[in-house]
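Worksheet: the structure to be examined is printed underneath.
The values are calculated or read from the model by the stated rules, or taken from the named source; none is laboratory data. Nothing here was measured: the structure is a model prediction, and the numbers come from that model. When we count neighbours, we look across all protein chains shown, and the Cβ atoms used for this are built from the backbone with ideal geometry, even at glycine. Side chains are part of the model used for accessible areas, which takes the heavy atoms of the whole protein and leaves out ligands, DNA and RNA. Shrake-Rupley method; radii C 1.70, N 1.55, O 1.52, S 1.80 Å.
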Amino acid sequence: MLRLNEIKLPLDHPEEAIKQAILEKLNITESMLLSYSVFRRGYDARKKTAIIFIYSLDVATTDDAGLLQRFQHDPHVLATPDMEYRFVVQASQQPAAAKKARPVVIGCGPCGLFAGLILAQMGFRPIILERGKTVRERTKDTFGLWRKRELHPESNVQFGEGGAGTFSDGKLYSQIKDPKHYGRKVLTEFVQAGAPPEILYVSKPHIGTFRLVKMVEQMRASIESLGGEFRFEHRVDDIQIEDGKVRGLILSDGSRIETEHVVLAVGHSARDTFHMLHQRGVHIVAKPFSIGFRIEHPQSLIDRCRFGPNAGNPLLGAADYKLVHHCSNGRSVYSFCMCPGGTVVAAASEPGRLVTNGMSQYSRNERNANSAIVVGITPADYPDYPSNPLAGINFQRHWEERAFVLGGSNYNAPGQLVGDFLANQPSTTLGSVIPSYKPGVQLGDLSTSLPDYAITAIREALPAFGKQIKGFDVRDAMLTGVETRTSSPICIQRNEHYQSVNTQGLFPAGEGAGYAGGILSAAIDGIKVAEAVALSLVA
C-alpha cells in the first residue's frame, strides 16, 4: 500500500472529496483505486476563516510499485510502513522459562497494564499487584474526596486500577520517538477494549474518564483470560535483594512472593515505595519537574480565539492550546495537561496535603477549559539536594502542605482571580468564571503558595500568554493551587536491558521511574519493559 501525506481539504469537505484528492494526487483513474483508509487526520487553524483538514491516507491501487517509482522524489508518497506488532518471544516455545518464577508487575496504571498484557500475550502468566482497588471501587472512593472531603490514602486519583491517567483528559498522543510503532499497538488494544475507533486516526486522540473505566476492566479481563493474575489492595512494602539480584517481594499483609523479575510501574506518587527502594540501595537520582497552578477560562473564549467563526464546529470539537514563555529570571513557564471542556480535580493522595489536576470526559462539554500553568524547576531548587536523591519529594510535600493550609485545611483549594494575582492583591469574590474544583475553592492570595521565583515567573508569563490567546490574562480567569505532580521527582536509573543499574531483575518503568509522561508514553514503556523481561526469562 501507499502512504499519502499532507492531503489538504477544506473543513466542510464532502466525503467523496478524499477519493478525488487521491485520484488527483496520484494522477490515476478511479478503476485503479482499490481502497483507502484514513491513517491520520489533523487540522491547520492558523487561518481561522479557512481552517483545513490535513490527512495521511493509506491507499491500495492496481500499481503500487509503479506509483512508488513514479513518485520516488515526492516525500508525501511513500510505502505504507509495516506497523504490525510482533512478540519478541513466546513462552510456549521456551521450556526453560517455565521453570522460573512468574514475573510480577507492581502497579496497574497504563505502564503496568501494558507490561502485564504483553507478558500475558507471550504466555508468561504475570502477577499484577495493585495497592489500590478495582477501578469502579476506586472511582467511588475518589468521589468521596470530591463530594465529602474523605481522602482514602490507598484509593484515590493516584492509586488504584488504571493509574492516575484514569482521572485525566485521557490524552493518547505523545512526542516521543516511536520507530517500532508501539503506539499503534497501544491504540489498537484500546479500541479492542472499547475505545472509539477514531483514536486510530485523529491527530490528538483522547478518551475521557468514564470510557477509560470500562476499557481498563476489559483489559483486565483479557489479561486474566491469558493466565495473568490481578491482586488488588496488595501494597508492596519491601523488596528482597541478595547479591544485587531481586529474590522476592514482601506485601503489606506480611506475605511473600518469590520472583526474580519485577516490573516497577508504581506511578509518580508512590513516595513510600521510593523511600523503601532507596533504603534497599536501589540507585535513584533526583530529576527536574514543574510546579504551578491550574487556570480556568470559559471554553467558549478558547474556541473563539483558536477557531474564530468556526468555533463550535462539531468536527473541530473543543479547542486546546499550548503555550510557553521564557522569563527574565531564567525560568520557563508553559501550559501542561490542557483539558478542553473539563474540570479541575482534587488529586491528593496523602492526608494534610493538597494537589490539583485536570480531567475531561470524552464529550469535553463542560463550561470551562483548564490547564496547568507551570514553572520548570531542577534538583538545584530542592533544599536538601544533593545529599538526598529524594529531595524532590520533600519539596513537593512542603508546597502541598502549604496549599492545604491556604485552602482552609479541609481539602478546599486556594484560589485567586488572574487580575488579582497580577495586581498582587487577595481575591474576595468570584468573577464570571466559576471554578470547577470540588470540594470547593477558598479565595485568597496565592503569592505564598509557591516559591518566589515561580510566582514571579507566572506573573510575567500570563500577560505574555494573553498576547498569544486574546483574553488569556483576563481578570476573571481563575487560578487554583497547587499543581506539583507534573512528573516524577526521581529517576530509577536503568541499563540498556531496562534493568536497574545496580539491581538485577528490577525493571523500573513508566512515569514513576522517570521514563514516561502521559498515558501513551507510559503504555509504550510498559511494552518495551515487558519485552526485556521476556528476553531475560528465556535467557
- Taking region 183-202, which residues are open to solvent by 10 Å² or more (accessible area, probe 1.4 Å), under 21 Å from ARG41 (Cα atoms), of a type in the set (A, V, I, L, M, F, W, C) and not in a helix (DSSP H, G or I)? VAL202
- Of THR49, THR29, which residue is open to solvent by 70 Å² or more (accessible area, probe 1.4 Å) and in contact with a Leu (Cβ under 8 Å, 6 or more places away or on another chain)? THR29
- Message: If a residue must be in contact (Cβ under 8 Å) with a residue 60 or more places away in the chain, farther than 22 Å from ASP473 by Cα and open to solvent by 40 Å² or more (accessible area, probe 1.4 Å), how many such residues does region 328-354 contain?
- Response: 1
- Message: Can you pull out every residue in region 484-539 that is assigned to a helix (DSSP H, G or I), among the hydroxyl-bearing types (Ser, Thr, Tyr) and surrounded by fewer than 22 Cβ atoms within 10 Å (Cβ to Cβ)?
- Response: SER536
- Query: Filtering region 474-502 down to residues that are of a type in the set (A, V, I, L, M, F, W, C) and within 22 Å of ALA532 (Cβ to Cβ), which residue is farthest from the chain's Cα centre (by Cα)?
  - Reply: VAL501
- Take LEU129 and decide whether it is assigned to a strand (DSSP E or B), open to solvent by less than 10 Å² (accessible area, probe 1.4 Å) and of a type in the set (A, V, I, L, M, F, W, C). yes
- Note on the structure: Checking ASN357, ASN370, ASN365, ASN388 in turn, the sole residue that is open to solvent by 10 Å² or more (accessible area, probe 1.4 Å) and in a strand (DSSP E or B) turns out to be ASN357
- Message: Quick test for you: out of ALA91, ALA96, ALA120, ALA101, pick the one residue that is over 26 Å from the mean Cα position of the chain (by Cα), within 18 Å of GLU224 (Cβ to Cβ) and among the aliphatic types (A, V, I, L, M).
- Response: ALA91
- Kindly indicate the residue of region 203-231 that is part of a strand (DSSP E or B) and touching a Leu at 6+ places or on another chain (Cβ under 9 Å) and also surrounded by the fewest Cβ atoms within 10 Å (Cβ to Cβ) among those meeting that condition. ARG231
- Query: Can you spot a residue in region 5-24 that is acidic (Asp, Glu), surrounded by fewer than 16 Cβ atoms within 10 Å (Cβ to Cβ), outside any loop (DSSP other than H, G, I, E, B) and within 37 Å of the chain's Cα centre (by Cα)?
  - Reply: yes
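The rows are residues; the columns are (1) in a strand (DSSP E or B); (2) under 30 Å from LEU249 (Cα atoms); (3) open to solvent by 70 Å² or more (accessible area, probe 1.4 Å); (4) in contact with a Ser or Thr (Cβ under 7 Å, 6 or more places away or on another chain).
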| site | (1), (2), (3), (4) |
| --- | --- |
| LEU34 | yes, no, yes, yes |
| PHE39 | yes, no, no, yes |
| SER56 | yes, no, no, no |
| ASP82 | no, no, yes, no |
| ALA96 | no, yes, no, no |
| ALA101 | no, yes, no, yes |
- Note on the structure: For ALA509, the lone unmet condition from (1) in contact (Cβ under 8 Å) with a residue 60 or more places away in the chain; (2) more than 27 Å from LEU172 (Cβ to Cβ) is (2)
- What residue, among those in region 402-433 that are part of a helix (DSSP H, G or I) and under 18 Å from THR486 (Cβ atoms), is least open to solvent (accessible area, probe 1.4 Å)? ALA403
- Item | Failed item in (1) crowded, with 18+ Cβ neighbours inside 10 Å; (2) more than 24 Å from the chain's Cα centre (by Cα); (3) under 30 Å from ALA45 (Cβ atoms), with GLY471 passing the rest | (1)
